[in-house]
Amino acid sequence: MEAEHVWDGDFDKRLESCIWEIFGAQSEEEAAAREAELKESQPRAGVCPVQWGQQDVAFRCLDCELDSNCIQCCDCFFKAPHEGHEVALIRTVGGSCDCGDPHSWAPSGFCPEHCETPQRLDNEESLDLLPPLLRTRAEALVPELMAQVDQRLTPRLRMHGLRNEAEADKTIREKQAALVFGALRRLGEAAFGLRYLVVQELQGDRLANWMKAGVDEALFSEALERFFLLYVQVSPCFKRTFAKTFIRQYDQILQDAPRLDALGVQFLTIPEVAVELVAKEDAFGALLSAANRLLTSVVDHEDENMVFQDPEPLQTNWEKLRSVFHSVGFLCFHKSVCEHILKTPSVLEAIAEVLQRLWRMSPQQRAIVRHVLYETRQLQIQVFTLESEILRYFFTLCDFCRRPQATLEELQPLYAWLVASLQDSRGFLSSFNNASAASFHLPALRLLTLSLNFELLLDPSLADSWRKIFPRDFLVTCIMHTVRTLRFEAEIRAGWWVRNGESMRAQHVDYRTKFRQTDIMTLQAFMILLHMHGSEDTACEPLSCLWTAVFSDDAPSASKPEASVWTSWRRQWVENAVSEQTRTRFRLFWLILCQVLNEMFPIEVAACRRDWEPRYSYRCPVILQRFLIQVLATGPLSLSELANMVPKELQVREGQLAEALEAVATRQDARYVLKQRSWQHFDICMAEAMPIRSWRDGTWRERQHRAEEKALAQEVSMLGPRRADGLTLAPAWQDHLVESLCNSELVPLVVDFIEIQSSFRQDKEAQSSVWRHPAQHEDGSLLHCLKVLDILSDAQSPHVPGAPATLTAHLRLPVTAATGGD
Ligand SMILES: [Zn+2]
Ligand SMILES: [Zn+2]
Ligand SMILES: [Zn+2]
């Protein structure tokens, strides 16, 4: 260590005089005055350096911000032009002013003081803007200050010849380092040239060492974070250097310095930086290997499926795990990064590898008497959050795949990796949810579904390519896994899984709100794909797959010929004594079939983004009207309540909502009430597909019940709009689903079931009971069966003129009379 860098005597005085010296002053007052002069002499450019602590006040502007995290400080806000903009005053929890950063804020909303940093202010030209004397002093003293930091970041073991540093020495050392960081930040706020001098000194190993030193326990960690935040914010060059060093040491930063990890948002959100990190620094490799390591640390064992440890002592690891996926989400936010992912096998492999470990994670064992202690509610919350956040953070990648301009050629690698990863998942072909062991988690399969491009799937010229990507056995196995997950939930509701009561009940609610809809979409997509393979083999015919998956307890086997649906139906229901389990499964079969054919709302929303004109302008009004009809049927609601409920993905503006409301509702006081004629478009079977985030499960059910009663009083069919009404959702998609069932035994099944019910009702009228059948009490299933029939006839009417008449000829039951049930 060079002697000149050792500061003896009073450190605080020494640091103070060093700063005064840079400004050429003898006292703090003088230094402050010179500093102010210097600031005044600088060009009005660059990013605002204001930072916040907890609970400071700042402004959002919905018209100027590029996302909801962006804010402006009060000073900038009042100087910037926001006339007629939608603005909000908020309290912050840290961060910095975004004025001058075109990646966060629309340049038209910058204040006159700030703008994107011009290159000349971020390189050595900036030194020319410093007064010559100040420049000379700073060139000598900035390196000196940097050296003071170096000395204070690591224990001075050798100097004192001690093995361990005394606690008091450590405290002094760390407090002094914090003071230097503060001083360096002050310089950075004063002038472009001073920033440049600091940034020049902060490269390579020194930068890496400073980052590594930023462990959370260190007394200077907050000062260091604020120091880094300032320089990352104001110097685009340093931002890139920092980002690269950050990613190279990601794992260590994540382990020791979560405070610095939070700085990721400063550069991962910038497209050029993100692309560079992904392409040149393998950012996905770094992030996902950190995720893998963290997963290992929270796992108890994973011989068959991943079983987690009690999260209590591992809370920070769970938080870090979420933080990693959050960073992944920032990267996926950029279209150019999504493009890169699809083209890069190593990234696809890294994604598939993490998801593969999570396949059917956290399995539940059914035990009637014994409670398993490790399985707390807390653990299940963590596991559900993990899967749903993974899907959420890959959401923009999924959107990228679903955009209208995508080609199958471009998407094929992602699909192929996910298919291969699933096929290699442990127990994929042999281990399914059954009556004694089950899991809710299928992340890779759900990501696959969410990334499917629906338009390309319906393009007949691509059938060959689709068949190659999705082999038939794979589709059958996935349908089995998906149906068994839906069955798991149905059996919990039927009281079959009573172990750990509260935890189990909560899990089924989590499942309904987070994954159930995606699972229905999986079945929709995979039935269409299966149909592309031809259905000469009964085991691979969609309806028969569905039936087998619902009723059987075994794995599907290619060798064993499956009984036909019709034979199985006859066999199961011929006797009076039918087990409660079979009844539960029978109801589930009709429910799933009905939802698969009917729940087009999520597909429509997935395919409708504001960016995707003209599809957006064409479909959005229909989606909105159907949504409003379903929601307003449950009772009057105000405009703001409705605006909160509309799926955020649609990015609906108030004007669009008002227009859709105009079509279906009337205003009474401050609330909207459904118009009389809108009731005929109410669909009693669509409740599950409604994305009601603000209502808890119970409330929604209660309101839904009210809607059904009101609809009943309107004397309408409650089966929803017909094609002719122009309000059906995703009609082309629905046609393909109906088409996929063309070789099935659906029609005789429907007819038989309705006949049983019909003769039972006639018996009731005649007060006689000559003939009894176990299915005659299944009113709930009848409703779903009638809805299926309605969809079939409505879909077929334009294509096959005779079809609906032939179908209805078999029926002795008028549709409208039966829907009410008993
Ligand atoms: Zn500002
Ligand atoms: Zn500003
Ligand atoms: Zn604005």
*Span from the region 603-628 Cα centroid across to the region 79-100 one, whole angstrom*: 31 Å
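Expected output is a single nm value to one decimal: the length gained when fully extending between GLN309 and THR666, i.e. 0.36 nm times separation in residues minus the C-alpha distance. What is it?
Roughly 123.1 nm would be gained on extension.
Averaging over all projection directions, find the projected area of the Cα convex hull of region 270-342 and quote it in nm² with one decimal place. Intermediate results must be reported in sequence, preceding the final value.
Details: hull surface 22.6 nm².
The directionally averaged projection comes out at 5.7 nm².
What full-extension length gain, to one decimal in nm, is calculated for ARG723 and GLN365 as 0.36 nm per residue of separation minus the Cα-Cα distance? Numbers along the way, then the final one.
Values: separation 358, 0.36 × 358 = 128.88 nm, distance 4.57 nm.
Full-extension gain reported as 124.3 nm.
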*asked:* Report the gain in length on full extension from LYS335 to VAL6: 0.36 nm times residue separation, minus Cα-Cα distance, nm rounded to one decimal.
replied: 113.4 nm
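Would you compute, from DSSP H runs of 4+ residues alone, the mean residue ellipticity of the chain at 222 nm, taking -39500 (n - 2.57) per run and dividing by the full residue count, rounded to the nearest 500?
Values: 40 runs with 482 residues, N = 822.
Calculated mean residue ellipticity at 222 nm is -18000 deg cm²/dmol.
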*Descending semi-axes in whole angstrom, ellipsoid equivalent of the chain, from the Cα gyration tensor*: 61, 30, 23
_Fewest-first sequence of VAL57, VAL383, VAL622 by Cβ atoms within 10 Å of each Cβ_ = VAL57, VAL622, VAL383
*Compute the whole-percent fraction of alpha carbon pairs in region 68-174 spaced more than 17 Å apart.*
71 percent
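Using a Förster radius of 51 Å, what is the FRET efficiency between ASP300 and ALA166 based on their Cβ-Cβ separation? Nearest 0.05, please. Present the calculation step by step, with values, prior to reporting the outcome.
Values: r = 41 Å, r/R0 = 0.79.
The calculated FRET efficiency here is 0.80.
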*Inter-site label distance for ALA406 and ARG14 at 7 Å from Cα along Cβ, in nm*: 6.1 nm
_Efficiency of FRET from Cβ geometry, ASP779 and GLN55, R₀ 45 Å, rounded to 0.05_ = 0.20
*May I ask you to order 11-18, 523-530, 723-730 by the average number of other C-beta atoms within 10 Å around their residues, highest value first?*
523-530, 723-730, 11-18
*Using the structure shown, select from LYS468/LYS787; LYS280/LYS648; LYS244/LYS343; LYS244/LYS320; LYS39/LYS212 the pairs with a Cα to Cα distance greater than 28 angstrom.*
LYS468/LYS787; LYS280/LYS648; LYS39/LYS212
*asked:* Give the separation of the Cα centroids, region 235-272 to region 662-736, in Å.
replied: 48 Å
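What net charge do the residues around VAL199 carry, taking every other residue with its C-beta under 13 Å from that of VAL199, with Lys and Arg at +1 and Asp and Glu at -1? Numbers along the way, then the final one.
Values: positive: ARG185, ARG195, ARG206, LYS239, ARG240; negative: ASP122, GLU124, GLU201.
My count for the surroundings of VAL199 gives +2.
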*Tell me the label-point distance for the pair LEU429, GLU217, using the 7 Å Cα-to-Cβ offset, in nm and rounded to one decimal.*
5.1 nm
*Given region 601-729 reduced to its alpha-carbon atoms as identical point scatterers, what log10 I(q)/I(0) does the Debye formula return at q = 0.13, 0.17 Å⁻¹?*
-0.49, -0.87
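Would you mind ranking SER126, SER564 so that the residue whose beta carbon has the fewest other beta carbons within 10 Å leads the list? Spell out each step's value before the answer.
Numbers: SER126 24, SER564 16.
Going from least to most buried by this count: SER564, SER126.
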*Provide HIS334, HIS340 in ascending order of the number of other Cβ atoms located within 10 Å of each residue's Cβ, fewest first.*
HIS340, HIS334
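Only the coordinates and a few stated rules stand behind these numbers; no lab work does. These figures come from a predicted structure and were not determined experimentally. When we count neighbours, we look across all protein chains shown, and the Cβ atoms used for this are built from the backbone with ideal geometry, even at glycine.
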